[in-house]
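Asks: Starting off with a structure, shown below.
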Amino acid sequence: MIGIIGAMDQEVHILKAEMDVEKIERKASMEFFVGKLQGRDVVIVKCGVGKVNAAVCTQIMADCYQVEAVINTGVAGSLRAEINIGDIVVSTDALQHDMDARGFGYEPGEIPLMGKKTFEADKRLRRLIVETCRKVNPEIGVFEGRVVSGDQFISDGAVKERLVSMFDPYCTEMEGAAIAQAAWLNHIPFVIIRAISDKADGSAQMDYAEFEAKAIQHTVRLLEAVVPAL
Ligand code: ADE
């Protein structure tokens, strides 16, 4: 069983509509859609926005569905000039940019007492997803790099620059690193797939509203093609 998590309805409703639903289970105020997508056993959930929702959802996927891999799909703000709206970023690793215990001598993003700040995405999943993306979305760029997550919508050029200089990231969003950490704690491979909806600067709010739906089409097309091969 593969777990697919999106924060918002827009990010998963097309996939849910396409799957053969066997059952819908409610846990922690989330609906877990269990069934088959392109013949593959999946559980698909809208977890809600932010790291807490994302982590709770991932833990339920581990405990109740014994998922063998978790895929986080959705949109993100670009943190690199060459990554444009509509392009896709596949995570190499993920980090929580708002984890900050520098006052205790830890590095930015480092989780105290865990000796960790980044969580590595699964290499086999990454490779398969990037290859498939080049086939099914040939008109867009696909990039592999670090995803940074925090409980903040980044829409200020100065905040963006701070993230860029501290973490060398490719894109930012609000769930991926929490899913990554929860997956790591449960020894489950994960990967984050994000389509760029905005540039995480002063134009982010307007761009987000305009480009969200189009960006999501690219992740949907990619997941439809990749799920049967997993
Ligand atoms: N998701 C999409 N765009 C984002 C941004 N600019 N900041 C945080 N999450 C996002």
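Asks: Just to confirm my filter: which strands (runs of 3 or more DSSP E) fall fully inside the range 56-126 and include at least 2 residues that are over 20 Å from Val45 (Cα atoms) and modelled with pLDDT under 95?
Replies: Where strands (runs of 3 or more DSSP E) fall fully within the range 56-126, none carries at least 2 residues being over 20 Å from Val45 (Cα atoms) and modelled with pLDDT under 95.
Asks: Could you tell me which residue of the range 187-218 is nearest to Met8 (Cα to Cα), considering only residues that are open to solvent by 50 Å² or more (accessible area, probe 1.4 Å) and of a type in the set (A, V, I, L, M, F, W, C)?
Replies: Ala213
Asks: Follow-up question, since we're still on this one. Quick check, is Ser91 open to solvent by less than 10 Å² (accessible area, probe 1.4 Å), more than 28 Å from Met1 (Cβ to Cβ) and within 16 Å of the ligand (Cβ to nearest atom)?
Replies: So Ser91 does not fit the description; no.
Asks: Condition first: within 14 Å of the ligand (Cβ to nearest atom) and open to solvent by less than 70 Å² (accessible area, probe 1.4 Å). Can you find one or more residues in the range 97-114 that meet it?
Replies: Scanning the range 97-114, I find at least one residue that is within 14 Å of the ligand (Cβ to nearest atom) and open to solvent by less than 70 Å² (accessible area, probe 1.4 Å), so the answer is yes.
Asks: May I pose another question? Go through (1) out of contact with any Ser or Thr (no Cβ under 7 Å at 6 or more places or on another chain); (2) within 22 Å of Val148 (Cβ to Cβ); (3) buried (at least 21 other Cβ atoms within 10 Å of the Cβ) one by one and return the number of the condition Val49 breaks.
Replies: (3)
Asks: Going through the range 55-79 one residue at a time, which ones are touching a Phe, Trp or Tyr at 6+ places or on another chain (Cβ under 9 Å), within 14 Å of the ligand (Cβ to nearest atom) and over 19 Å from Glu139 (Cα atoms)?
Replies: If the condition is that a residue be touching a Phe, Trp or Tyr at 6+ places or on another chain (Cβ under 9 Å), within 14 Å of the ligand (Cβ to nearest atom) and over 19 Å from Glu139 (Cα atoms), then Asn72, Gly77, Leu79 are the ones that fit.
Asks: Right, next: Test each condition in (1) part of a helix (DSSP H, G or I); (2) out of contact with any helix residue (DSSP H, G or I) (no Cβ under 6 Å at 6 or more places or on another chain) for Lys36 and report the one that comes out false.
Replies: Going through the list (1) part of a helix (DSSP H, G or I); (2) out of contact with any helix residue (DSSP H, G or I) (no Cβ under 6 Å at 6 or more places or on another chain), Lys36 breaks only (1).
Asks: Something else now. Counting just the residues of the range 172-213 that are away from the ligand (no atom under 13 Å from the Cβ) and in a helix (DSSP H, G or I), which one comes out farthest from Val75 (Cα to Cα)?
Replies: Leu185
Asks: If Cys133 satisfies all but one of (1) near the ligand (Cβ under 9 Å from one of its atoms); (2) out of contact with any Asp or Glu (no Cβ under 9 Å at 6 or more places or on another chain), what's the number of the condition it fails?
Replies: (1)
Asks: Now, a different point. Could you please find all residues in the range 138-171 being of a type in the set (Gly, Ala, Ser) and more than 13 Å from the ligand (Cβ to nearest atom)?
Replies: If the condition is that a residue be of a type in the set (Gly, Ala, Ser) and more than 13 Å from the ligand (Cβ to nearest atom), then Gly141, Gly145, Ala158, Ser165 are the ones that fit.
Asks: Taking the residues in the range 1-33 that are outside any strand (DSSP E or B) and over 22 Å from Ile129 (Cβ atoms) as candidates, determine which candidate is most open to solvent (accessible area, probe 1.4 Å).
Replies: This residue is Ser29.
Asks: Then there is this: Name the single residue, out of those in the range 136-171 being part of a strand (DSSP E or B) and small (Gly, Ala, Ser), that is surrounded by the fewest Cβ atoms within 10 Å (Cβ to Cβ).
Replies: Checking each candidate, the answer is Gly145.
The values are calculated or read from the model by the stated rules, or taken from the named source; none is laboratory data. Here the structure is a predicted model, which is why all the values come from computation and not from measurement. Cβ: placed from backbone, ideal geometry, glycine included. Neighbour counts: every protein chain shown. Just so you know, the surface numbers come from the protein's heavy atoms only, side chains and all, with ligands and any DNA or RNA stripped out. Shrake-Rupley method; radii C 1.70, N 1.55, O 1.52, S 1.80 Å.
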